[in-house]
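Below: one structure, written as structure tokens.
The values are calculated or read from the model by the stated rules, or taken from the named source; none is laboratory data. Quantities reported herein were computed from a predicted structural model and do not represent experimental measurements. Every residue, glycine as well, gets a Cβ built from its backbone with ideal geometry; the counts of neighbours run over all protein chains shown. What goes into the accessible areas is simple: the full protein's heavy atoms, side chains included, and nothing from ligands, DNA or RNA. Shrake-Rupley method; radii C 1.70, N 1.55, O 1.52, S 1.80 Å.
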Amino acid sequence: MSSIQAVSHASDRVMAALISGLELEFGRGAAEGLAQRFLDAEECDLHWDARVEERWIGAYEGIEDGDFELDRVAICGRIDGHWFAALCIVDGDGMAHGMMGKRRFRSARAAREALAQAH
């Protein structure tokens with residue numbers, strides 16, 4: 001029997017494991033700072049993977065390359081114990097290429113309201 005779990009719940013465990021492993025290697029004082037640097041470097045992908053809802057907003061017209069079409073997709077989710085909403089730039093294969101307007105919220109309801117109001 002297999003178990004299905006939302007990425008947002010797994011992201012909390014991944015973050016805890018990342019900090020724990022960094023504490024073993026570099027000490028307690030450095031672990032959270034190093035974990036934050038990792039999150040900053042991978043922020044777009046981590047948030048895209050941690051989304052629990054998404055809504056297509058429209059085509060992204062910021063690139064002049066005719067062979068490469070991108071879309072704007074509003075997302076909300078939970079990562080590292082915090083709810084968020086953001087707008088991602090996504091290709092046709094579902095790969096995120098950028099993120100803008102990320103906001104943090106105290107509740108899922110507030111994040112979902114931001115998702116519904118995104119344009």
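So that you can scan it fast, the table gives a plain yes or no per residue for (1) touching a residue at least 60 places away in the same chain (Cβ under 8 Å); (2) among the aliphatic types (A, V, I, L, M); (3) open to solvent by less than 50 Å² (accessible area, probe 1.4 Å):
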| position | (1), (2), (3) |
| --- | --- |
| Val14 | no, yes, no |
| Ser20 | no, no, no |
| Gly27 | no, no, yes |
| Ala59 | no, yes, no |
| Phe68 | no, no, no |
| Ala86 | no, yes, yes |
| Lys102 | no, no, no |
| Ala108 | no, yes, yes |
| Ala114 | no, yes, yes |
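Taking the condition at pLDDT 85 or above, part of a strand (DSSP E or B) and among the basic types (Lys, Arg), does Arg109 pass? So Arg109 fails the test. When the stretch 35-57 is filtered for residues that are of a type in the set (A, V, I, L, M, F, W, C) and open to solvent by 60 Å² or more (accessible area, probe 1.4 Å), the ones remaining, listed by number, are Phe38, Ala41, Trp56. The single condition from (1) in a loop (DSSP other than H, G, I, E, B); (2) open to solvent by less than 60 Å² (accessible area, probe 1.4 Å) that Val73 fails is (1). Within the stretch 38-49, none of the residues are touching a residue at least 24 places away in the same chain (Cβ under 8 Å) and on the phi > 0 side of the Ramachandran plot.
Note on the stretch 52-75: residues that are closer than 13 Å to Met95 by Cα and of a type in the set (D, E, K, R) amount to 3.
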